[in-house]
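Undergrad: Got a structure here, written out as structure tokens. Questions coming.
The values are calculated or read from the model by the stated rules, or taken from the named source; none is laboratory data. Since the structure is predicted, the reported quantities are computational estimates derived from the model, not experimental observations. Every residue, glycine among them, receives a Cβ derived from its backbone with ideal geometry; neighbour counts consider all protein chains shown.
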């Protein structure tokens, strides 16, 4: 099963325990394949570099570079084409949709309200981390 996890999910997965972390572990255990793109990796680096995450990174004794590099090694990299705007409220969310389309993903997992409101994009279901773990990972 191919999954594109929004940046907010990956950040939560890397820094805390919970549903997002279970998704990351499932990828490490080869129960699913996480997919990403160059723009989503750049966004991940940018988000992890925000000052609000510095104390957590220090507590975990890990750097932004280590986390981003580790994720880039774990995830399957795709190079999406641009798509027509879908999420008017946040055009950056369209990068997630484009990545999922290029990856031929089965699911998009996000905590972003605007993206969750879309519910499905070209047959790709969009679920919250909690619902994804509950409905999809509990079966594997």
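Undergrad: Going by what's in this entry, would residue 80 be described as at pLDDT 95 or above, surrounded by 16 or more Cβ atoms within 10 Å (Cβ to Cβ) and touching a strand residue (DSSP E or B) at 6+ places or on another chain (Cβ under 9 Å)?
TA: no
Undergrad: In the stretch 14-32, how many residues are buried (at least 17 other Cβ atoms within 10 Å of the Cβ) and closer than 15 Å to residue 73 by Cβ?
TA: Residues flagged as buried (at least 17 other Cβ atoms within 10 Å of the Cβ) and closer than 15 Å to residue 73 by Cβ within the stretch 14-32 amount to 3.
Undergrad: Additional query: Taking the stretch 17-50 on its own, how many of its residues are closer than 12 Å to residue 64 by Cβ and within 10 Å of the chain's Cα centre (by Cα)?
TA: 2
Undergrad: Among the candidates 49, 65, single out the residue that is closer than 21 Å to residue 27 by Cβ and exposed (fewer than 15 other Cβ atoms within 10 Å of the Cβ).
TA: 65
Undergrad: Separate question: Please go through the stretch 107-118 and pick out each residue that is over 15 Å from residue 8 (Cα atoms) and at pLDDT below 95.
TA: Listed by number, the residues that qualify are 117, 118.
Undergrad: Same structure, new question: Limited to the stretch 111-128, what total is found for residues that are crowded, with 23+ Cβ neighbours inside 10 Å and in contact (Cβ under 8 Å) with a residue 40 or more places away in the chain?
TA: Total satisfying the criteria: 1.
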